Amino acid sequence: TKHPLQNTWSFWFFKNDKTKAWDKNLLKITSFSTVEDFWALYNHIELVSHIPQGCDYCVFKDGIKPMWEDSANVNGGRWLISLNRQARTQELDNSWLELLLLLIGEGFEENCDAICGAVVNVRPKADKISLWTADANSKDQCLAIGRIMKQRLHLNAQTLVCYNSHAETSHKQSSMTKPKYTV
Ligand code: M7G
């Protein structure tokens, strides 16, 4: 018998096709709800360090679309880690897997219900790993989640991890937005 997870999760792929609108490139590939089905999927797909530039992987709780507009995300935000190109391959793959295990293993203690999903963006300048939470205004909850993420991804204490609300991210004009929280 398979080992059930607390939640059912969906795996999404963002295909970098500039001829299409952003949301048309976002494809729900499959869902899983057991440990075994998670590993079957993980072992079947490309490591994130091998997917083309401009593409994303997203893993979200079933029923939540990996977009700002989803009702589960609209008041939320994300903890964001940027990894420079030298970090590609090992550190990128390791950190993404570690974050997935935190998600599906419900590693955020009393704040698991606030977790929506996780995204990895493969980009020319810097890859990004982010953890999306439901309520950007719940400061203590956001900070508790951010501290666990920072610790479990083995980021050194000097690395600043920043949280922004999706409202800020979606309205920003430049790439520099003052973080709402940092850990
Ligand atoms: P990105 O892929 O998150 O990061 O956003 P990047 O700038 O490093 O590539 C790129 C663009 O995709 C944004 O400026 C938006 O035009 C679009 N986009 C990204 N997200 C996450 C969303 C979303 O949730 N909703 C909508 N409507 N557009 C989005």
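Looking at this structure, is residue 10 open to solvent by less than 60 Å² (accessible area, probe 1.4 Å), within 28 Å of residue 90 (Cβ to Cβ) and within 18 Å of the chain's Cα centre (by Cα)? Walk me through it before giving the result.
Values: open to solvent by less than 60 Å² (accessible area, probe 1.4 Å): yes; within 28 Å of residue 90 (Cβ to Cβ): yes; within 18 Å of the chain's Cα centre (by Cα): yes.
So residue 10 passes the test.
May I ask you to list the residues in segment 53-91 that are open to solvent by 20 Å² or more (accessible area, probe 1.4 Å) and assigned to a helix (DSSP H, G or I)? Explain how you work it out, then say what you get.
Step one: filter segment 53-91 for residues open to solvent by 20 Å² or more (accessible area, probe 1.4 Å), giving 53, 61-65, 67-72, 74-75, 78, 80, 82, 84-86, 88-91.
Selection gives 85, 86, 90, 91.
Could you list, in sequence order, all residues of segment 3-38 that are among the aromatic types (Phe, Trp, Tyr) and in contact (Cβ under 8 Å) with a residue 12 or more places away in the chain?
Once the filter is applied, which keeps residues that are among the aromatic types (Phe, Trp, Tyr) and in contact (Cβ under 8 Å) with a residue 12 or more places away in the chain, segment 3-38 yields 9, 11, 12, 13, 14, 32, 38.
Looking at segment 68-103 only, could you name the residues that are touching a Leu at 6+ places or on another chain (Cβ under 7 Å) and more than 20 Å from residue 141 (Cβ to Cβ)?
Within segment 68-103, 83, 91, 92, 93, 95, 98 qualify.
Restricting to segment 157-170, what's the tally of residues that are open to solvent by 90 Å² or more (accessible area, probe 1.4 Å) and free of Cβ contacts under 8 Å to residues at least 12 places away in the same chain?
Residues meeting the conditions: 1.
Among the candidates 8, 1, single out the residue that is closer than 25 Å to residue 144 by Cβ and either at pLDDT below 95 or among the hydroxyl-bearing types (Ser, Thr, Tyr) (or both).
On the way: 1 fails: closer than 25 Å to residue 144 by Cβ.
Checking each option against the conditions leaves just 8.
Which residue pairs have Cβ atoms under 8 Å apart, sit 6 or more places apart or on different chains, and have a first residue in segment 39-64 that is farther than 14 Å from residue 96 by Cα and a second that is open to solvent by less than 20 Å² (accessible area, probe 1.4 Å) and β-branched (Val, Ile, Thr)?
52/122; 53/122; 54/122; 55/122; 61/115
Matching residues to (1) within 18 Å of residue 6 (Cβ to Cβ); (2) modelled with pLDDT under 95; (3) more than 14 Å from the ligand (Cβ to nearest atom):
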{"position": "73", "(1), (2), (3)": "no, no, no"}
{"position": "99", "(1), (2), (3)": "yes, no, yes"}
{"position": "115", "(1), (2), (3)": "yes, no, yes"}
{"position": "138", "(1), (2), (3)": "no, no, yes"}
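The values are calculated or read from the model by the stated rules, or taken from the named source; none is laboratory data. The structure displayed is predicted, hence computed values, not measured ones. For neighbour counting, all protein chains shown are included, and Cβ atoms are generated from backbone atoms with ideal geometry for every residue, glycine included. With ligands, DNA and RNA removed, areas are computed over all heavy atoms of the protein, side chains included. Shrake-Rupley method; radii C 1.70, N 1.55, O 1.52, S 1.80 Å.
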